[in-house]
Amino acid sequence: MKVTLKIWRQKSPNDKGAFKTYQHEHVSPDMSFLEMLDVLNTELIKKGEEPVHFDHDCREGICGACSLYINGHPHGPLQTTTCQLHMRSFNDGDTIVIEPWRAKAFPIIKDLVVDRTAFDRIQQAGGYISVNTGGAPDANEIPIPKIVADEAFDAATCIGCGACVAACKNASAMLFVSAKVSQFALLPQGKPERKERVKKMVAQMDAEGFGACTNTKACEAECPKGINVTNIARMNREFFSSSLSSYEYQVGGGD
Amino acid sequence: MKLDSKIPAGPIAEKWTKHKFNLKLVNPANKRKYDVIVVGTGLAGASAAASLGELGYNVKVFTFHDSPRRAHSIAAQGGINAAKNYQNDGDSIYRLFYDTVKGGDYRAREANVHRLAEVSVDIIDQCVAQGVPFAREYGGLLSNRSFGGAQVSRTFYARGQTGQQLLLGAYAAMNRQIANGKVKLFTRTEMLDVVVVDGKARGIITRNLITGKIESHSAHAVLLCTGGYSTVFYLSTNAKACNVSAAWRAHKKGALFANPCFTQIHPTCIPVSGDHQSKLTLMSESLRNDGRVWVPKTGIKGLKAKDAVNIPEAERDYFLERRYPSFGNLVPRDVASRNAKYVCDEGRGVGPTGLAVFLDFSDAIKRDGRKTIEAKYGNLFDMYHQITGDNPYEVPMMIFPAVHYTMGGLWVDYNLMTSVPGLYALGEANFSDHGANRLGASALMQGLADGYFVIPYTLGDYLATIGWNDKVGTDHPAFKESMDQVTNNINKLLSIKGNKTVDEFHRQLGLIMWEYCGMSRNEAGLKKAKKMIQELRAEFWRDVKILGGANELNAELEKASRVADLMELGELMIDDARDRNESCGGHFREESATEDGEARRNDDQYAYVAAWEYKGENQPEVLHKEELVFENVKLTQRSYK
């Protein structure tokens, strides 16, 4: 296969950046998208041109490092991660446009690499259950209905790639934040801190400069792990009820 | 050098309890006077950082990723073992201990393994309390499955994403300590050296991967939680960034490296599709429960999966079922892998490269119906379809073994301390618990055991012994010297300006290691490989081409520095494989086989841990032996016939 690549090149955070066009003539349909870029990079290095920088690591769709905006979609045409996208999803002669995630809260570091530490700071604000190591009760002490455990699990499968932000016209991080809020709001272990948690995480999300949610559901449509927007609804409810009362006992557990 | 494993005296079941009592404690008010460095944020690193922060130490934690959550623990699929015996099927701490020592082919320390089995039960409690959503039964209690041929159901799991959920639990616990100010996180920061002063680890040198800035950090102790080195084979199931550099630089500063040749090869991976291949994808071992492994009786060049369905039964060789009638397709990982290699070596491999065997589900689909198979393996079949373009419901899968895990690592004593005082190694980075072969669902257990339940005790003993005054600041000349060395090394790499890319060298290294130090090894091959790597190393330092500068994000430079270390490690793996002229676990020496070609262990000569000491550039390393003593487990030869 032969493809034409239009790739965003930007030397440093303050550089203006521009698209550069490459003719890639050695593409096999069995290559993953990232392997296609590996081959391009080898050719560039041989020619004395700087290779294209992009984040990647596990290449099996779980670490959340890869983050390319391909032909107007985060992670490209399929609902999967870029590393799991293969060139057989494209046609010989296609033009493929590759951009970094674009969001104020994800500043560009170089080429296609962006800074997603805002996500970590949101998690640090409250995305945990306050238990110290040791002294935990027996794991079977608290039975959790399978349906609830499964729902929490679905939310917990978020890989933190940021596709939801990249997909959203407002660059909103609501899907990402709500996935963690939901996981812990659903589980009994997370209930004691649920009000404080949602307040702190939302406050940090706003402080990082992510936009508001206007319910276009682009995030859900593009999420490689299929995280559901129901989580956003749940987070809104959690947030609203936490603003009505600070203490758990006043609302009788909040269920 | 005398290796002291510091294994406590007394009956096996009481060693850890007694030892914990005998360890010194740090007064709560004094804990804040101690600084601890943790390198790596996988299961071992994140759990250690969180637990030490909770205790009150000042922790600095480093990762070269953009976020701690990217560490490769995230990709573990299967599950985590624990001797909870929730299933009432006869499991116990002693049984988990016994299975792990036996599974490791009797090359692990009994005392370490027993401790691992003891704390396994606490890990599950801890993770559930953190909100890790393990699989549950309809009654709301935790679900278990049998894994990797174990006779009891002791594996806890979270669909096929157990590693992800456990890592996110440890990541969350660490985040809480970051919020509390007890843990300071450094992302996109790579450790490039350990600083040793007066024989003790005093800190590390790092490179900020965005700005290229070289910095020094001092502490009372340094914990390396930096994973394994499967990427020495270039193609492996490990993530692209996995590397040996942190452990290797520590090795060059005096930490012994133990059993480097012990690598685990997983039989069910998706085969290589071409020269562009950058990594291999693991397909869960559970597939062998229903899939039948076969190749044609006589080789057919380039046989495609879609044509396989036309090959009549009489012309198929179900080689695992034929050779191992009682275990069949469920023989252990190393046996299944080796046999796949043999049939490919005979020219009977399938697919475009001839390096693959079929894993066929047609009989299972006929027997149980497509729906049942879909319920069991649906996500795996979809993944296979996505990657290869073949539909496994209609045609057989093609699989081939790939390197998956490294049992070897930095030598540590019972306290997880390396041979350099104050320098610790946790998780896959150390050698301690899996012997010559790791059992399925035991890697996650060990990473979390080390970080949550072992290091918080053993580190305190060391810190209390040295006292908080015993610290060296970054103004010490040793830090400056180490920084200069690191900077020179980077400048040297950048100044070569040769013709070959880093990946080309890495790929070549991988091919040498896979061919001569992979599934099956012999003296002549190892000797040849050693020479080839030496030539490759020389060529690398003459001809590698790295563009860009030192003071910017430069992925090629990062890779080059890691590949340089992997090449040196490759040589040591070969030395170790040559020394160990026996077949045990993942290490198969052709010279040590039974008449029908099965592995033959040699307990009289090789029941030891091989710990290697670095003696300087291009000097042969010196072997130290730690004899293994088995007081509880009876040594037997494995048989799957």
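The values are calculated or read from the model by the stated rules, or taken from the named source; none is laboratory data. The shown structure was predicted, so the numbers you read here are calculated from the model rather than taken from an experiment. With ideal geometry, Cβ positions are generated from the backbone for all residues, glycine too; neighbour counts draw on all protein chains shown. Keep in mind that these areas ignore ligands, DNA and RNA; they rest on the heavy atoms of the full protein, side chains included. Shrake-Rupley method; radii C 1.70, N 1.55, O 1.52, S 1.80 Å.
Quick look at the values:
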read-out	value
Where residue B:171 falls short, out of the listed (1) over 30 Å from residue B:519 (Cα atoms); (2) out of contact with any Pro (no Cβ under 8 Å at 6 or more places or on another chain); (3) within 14 Å of chain A (Cβ to nearest Cβ); (4) surrounded by 24 or more Cβ atoms within 10 Å (Cβ to Cβ)	(2)
So residue B:633, is it in contact with a helix residue (DSSP H, G or I) (Cβ under 9 Å, 6 or more places away or on another chain) and assigned to a loop (DSSP other than H, G, I, E, B)	yes
Enumeration of residues in segment B:179-200 that are within 14 Å of chain A (Cβ to nearest Cβ) and in contact (Cβ under 8 Å) with a residue 24 or more places away in the chain	B:180, B:182, B:183, B:184, B:185, B:186, B:187, B:188, B:189, B:190
Answer from B:366, B:371, B:341 - the residue that is under 25 Å from residue B:263 (Cα atoms), at pLDDT 90 or above, part of a helix (DSSP H, G or I) and open to solvent by 20 Å² or more (accessible area, probe 1.4 Å)	B:341
Top-ranked residue of segment A:28-61 - restricted to ones that are in a helix (DSSP H, G or I) and among the β-branched types (Val, Ile, Thr), ranked as nearest to residue A:224 (Cα to Cα)	A:39
Residues that are facing chain A (nearest Cβ under 7 Å) and not hydrophobic (A, V, I, L, M, F, W, C), drawn from segment B:69-81	B:69, B:70, B:72
Single residue of B:478, B:464, B:436 found to be farther than 30 Å from residue B:30 by Cα and touching a Lys or Arg at 6+ places or on another chain (Cβ under 9 Å)	B:436
Selected residue (only one of B:582, B:591 is touching an Asp or Glu at 6+ places or on another chain (Cβ under 9 Å), touching a residue at least 60 places away in the same chain (Cβ under 8 Å) and assigned to a loop (DSSP other than H, G, I, E, B))	B:591
Complete set of residues in segment A:11-32 that are within 11 Å of another protein chain (Cβ to nearest Cβ), open to solvent by less than 30 Å² (accessible area, probe 1.4 Å) and more than 17 Å from residue A:93 (Cβ to Cβ)	A:32
Answer from B:13, B:71, B:29, B:9 - the residue that is of a type in the set (A, V, I, L, M, F, W, C) and crowded, with 19+ Cβ neighbours inside 10 Å	B:71
Candidate set: segment A:135-149, residues that are surrounded by 14 or more Cβ atoms within 10 Å (Cβ to Cβ) and more than 7 Å from chain B (Cβ to nearest Cβ); chosen: the one nearest to residue A:207 (Cα to Cα)	A:148
The one condition in (1) within 30 Å of residue B:9 (Cα to Cα); (2) charged (D, E, K, R); (3) not in a helix (DSSP H, G or I) that residue B:125 fails to fulfil	(3)
Test for residue B:203: is it in contact (Cβ under 8 Å) with a residue 12 or more places away in the chain and outside any loop (DSSP other than H, G, I, E, B)	yes
Residue within segment A:161-172 that is at the interface with chain B (Cβ under 7 Å from one of its Cβ atoms), surrounded by fewer than 24 Cβ atoms within 10 Å (Cβ to Cβ) and of a type in the set (S, T, N, Q) present	no
Residue B:626 open to solvent by 60 Å² or more (accessible area, probe 1.4 Å), touching a residue at least 60 places away in the same chain (Cβ under 8 Å) and more than 29 Å from residue B:341 (Cα to Cα)	no
Test: residue A:102 is more than 13 Å from chain B (Cβ to nearest Cβ), touching a residue at least 12 places away in the same chain (Cβ under 8 Å) and either within 30 Å of residue A:27 (Cα to Cα) or over 17 Å from the mean Cα position of the chain (by Cα) (or both)	yes
Count of segment A:40-54 residues which are open to solvent by less than 20 Å² (accessible area, probe 1.4 Å) and either facing chain B (nearest Cβ under 7 Å) or within 15 Å of the chain's Cα centre (by Cα) (or both)	3
Residue in segment B:370-389 that is within 14 Å of chain A (Cβ to nearest Cβ) and at positive phi present	yes
Top-ranked residue in segment B:276-316 [being more than 24 Å from residue B:346 (Cβ to Cβ) and out of contact with any helix residue (DSSP H, G or I) (no Cβ under 8 Å at 6 or more places or on another chain); ranked as surrounded by the most Cβ atoms within 10 Å (Cβ to Cβ)]	B:279
Unmet criterion (only one of (1) more than 21 Å from the chain's Cα centre (by Cα); (2) within 24 Å of residue B:585 (Cβ to Cβ); (3) surrounded by 21 or more Cβ atoms within 10 Å (Cβ to Cβ)) for residue B:66	(2)
Among (1) open to solvent by less than 40 Å² (accessible area, probe 1.4 Å); (2) facing another protein chain (nearest Cβ under 7 Å); (3) not charged (D, E, K, R), the one test that residue A:37 misses	(2)
Unmet requirement for residue B:392, which otherwise passes all of (1) buried (at least 24 other Cβ atoms within 10 Å of the Cβ); (2) assigned to a helix (DSSP H, G or I); (3) without any contact (Cβ under 8 Å) to a residue 60 or more places away in the chain	(2)
Meets criteria (open to solvent by 10 Å² or more (accessible area, probe 1.4 Å), within 7 Å of another protein chain (Cβ to nearest Cβ), at negative phi and under 23 Å from the mean Cα position of the chain (by Cα)) for residue B:165	no
Selection from segment B:110-151 of residues that are within 30 Å of residue A:193 (Cβ to Cβ), among the polar types (S, T, N, Q) and either more than 24 Å from the chain's Cα centre (by Cα) or more than 8 Å from chain A (Cβ to nearest Cβ) (or both)	B:120, B:130, B:143, B:144
Test set (1) under 28 Å from residue B:196 (Cα atoms); (2) more than 10 Å from every other protein chain (Cβ to nearest Cβ); (3) more than 21 Å from the chain's Cα centre (by Cα) - residue B:41 fails condition number	(3)
Residue within segment A:59-77 that is surrounded by fewer than 20 Cβ atoms within 10 Å (Cβ to Cβ) and within 10 Å of another protein chain (Cβ to nearest Cβ) present	no
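Yes or no, residue by residue, for (1) among the aliphatic types (A, V, I, L, M); (2) within 29 Å of residue B:240 (Cα to Cα):
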| site | (1), (2) |
| --- | --- |
| B:275 | no, yes |
| B:284 | no, yes |
| B:291 | no, no |
| B:301 | no, no |
| B:308 | yes, no |
| B:312 | no, no |
| B:316 | no, no |
| B:320 | yes, no |
| B:325 | no, no |
